Every structure is written in C-alpha cells, then in structure tokens.
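Single-structure report; data block below.
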Amino acid sequence: MISFFISGVPKSTQTGSVIRPGGGKRAFPVYRNTEWASYCRLAASQHGPMEPLTGPVELRLTFYLPRPKKPKCWWPVTRPDLDNLIKKLTDGWNKILWEDDAQIVHMELEKRYAMNGTQVGLKVYVEAADVP
C-alpha cells in the first residue's frame with residue numbers, strides 16, 4: 001500500500017474561461033487553482049513507487065479542510081465541491097502512482113474538517129485492487 005499526506009489547504013480545480021486560439025472553432029478550457037494539483041503531483045512523485053502500478057488500483061482520498069470558527073454542520077457541506085477537488089489529481093498522478101487513471105476500479109472520497117490535532121491537507125491511500 002502507498003500512503004502519504006500532502007500538507008496545505010486543498011483547492012478545487014475549476015474550469016474558468018474558454019480560449020479559442022486565433023478565433024478558431026476549437027476551444028480549450030482554462031483551469032484555475034492548478035498550483036495545488038502540481039504540488040500534489042510533486043508530493044506523489046516523492047512518495048510513490050519506483051515504478052507506476054499496473055493492473056487494477058483502489059484509491060482513497062481524505063481532504064482535511066480548515067474548520068470555520070462556528071461550523072453549521074459537522075461535515076463541510078460548503079465549497080469546495082468534492083468532485084472539483086479531485087478533478088486534476090488522478091490525471092496528474094498518471095505515470096507516477098499508476099500507468100493511467102483508467103486503472104482505478106474503486107475510489108473512496110471524503111472531505112472533513114481538520115480537528116483534534118489533524119493537519120489541513122490531503123491523505124492519500126493507493127493499493128492494488130484485490131481480485132474478486
């Protein structure tokens with residue numbers, strides 16, 4: 001199993017504006033907050049296996065967000081959206097943790113507040129999937 005923690009405030013990757021080079025028909029999205037995704041890629045390269053995993057992979061990500069002074073709920077039910085938090089991460093870990101993120105056959109995602117001494121950041125668990 002590969003397990004590591006990435007310290008820092010998790011940022012969602014959102015599609016911003018769209019650019020059309022030369023006014024052409026083809027449009028390319030401009031992503032925001034890609035610094036966090038690049039930082040996560042660097043952390044994975046420091047903690048990942050010598051060779052990317054091959055075969056089916058299970059992934060578990062827990063995002064620890066800063067706790068507001070007076071949370072309205074036990075769980076962080078506000079932004080950032082969980083799907084936007086992972087948007088660029090799985091692709092960014094291609095050729096580092098696994099050959100291609102298409103190998104992910106099981107994924108568990110969670111966002112929670114950093115409480116009781118827990119640091120703000122991202123906990124990553126990756127392992128080869130068991131054959132049923």
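Below is a table of values for the structure above.
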{"read-out": "The lone exception for I96 - which of (1) farther than 18 Å from Y39 by Cβ; (2) under 15 Å from the mean Cα position of the chain (by Cα) it fails", "value": "(1)"}
{"read-out": "Among residues of the range 43-55, those that are surrounded by 12 or more Cβ atoms within 10 Å (Cβ to Cβ) and either in contact with a helix residue (DSSP H, G or I) (Cβ under 6 Å, 6 or more places away or on another chain) or part of a helix (DSSP H, G or I) (or both), counted", "value": "4"}
{"read-out": "Conditions (1) touching a Cys at 6+ places or on another chain (Cβ under 9 Å); (2) surrounded by fewer than 17 Cβ atoms within 10 Å (Cβ to Cβ); (3) not hydroxyl-bearing (S, T, Y); number of the one not met by N94", "value": "(1)"}
{"read-out": "Failed item in (1) open to solvent by 30 Å² or more (accessible area, probe 1.4 Å); (2) aromatic (F, W, Y); (3) in contact with a Pro (Cβ under 9 Å, 6 or more places away or on another chain), with W74 passing the rest", "value": "(3)"}
{"read-out": "Count of the range 80-121 residues which are touching a helix residue (DSSP H, G or I) at 6+ places or on another chain (Cβ under 7 Å) and either under 12 Å from E58 (Cα atoms) or not in a loop (DSSP other than H, G, I, E, B) (or both)", "value": "10"}
{"read-out": "F5 vs. criteria open to solvent by 60 Å² or more (accessible area, probe 1.4 Å), at pLDDT 95 or above, part of a strand (DSSP E or B) and not charged (D, E, K, R)", "value": "yes"}
{"read-out": "Residues of the range 105-115 that turn out to be farther than 22 Å from P66 by Cβ and open to solvent by less than 30 Å² (accessible area, probe 1.4 Å), as a count", "value": "0"}
{"read-out": "Flag for I104 being closer than 20 Å to S7 by Cα and of a type in the set (V, I, T)", "value": "no"}
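This table checks each residue for (1) hydroxyl-bearing (S, T, Y); (2) surrounded by 13 or more Cβ atoms within 10 Å (Cβ to Cβ).
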position	(1), (2)
G24	no, no
L59	no, yes
Y64	yes, yes
P68	no, no
T78	yes, no
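The values are calculated or read from the model by the stated rules, or taken from the named source; none is laboratory data. Quick caveat, the model's predicted, so the values are computed rather than measured. A quick note on method: Cβ atoms are made from the backbone with ideal geometry, for glycine too, and the neighbour counts reach across all protein chains shown. For accessibility, only protein heavy atoms count, side chains too; no ligands or nucleic acids. Shrake-Rupley method; radii C 1.70, N 1.55, O 1.52, S 1.80 Å.
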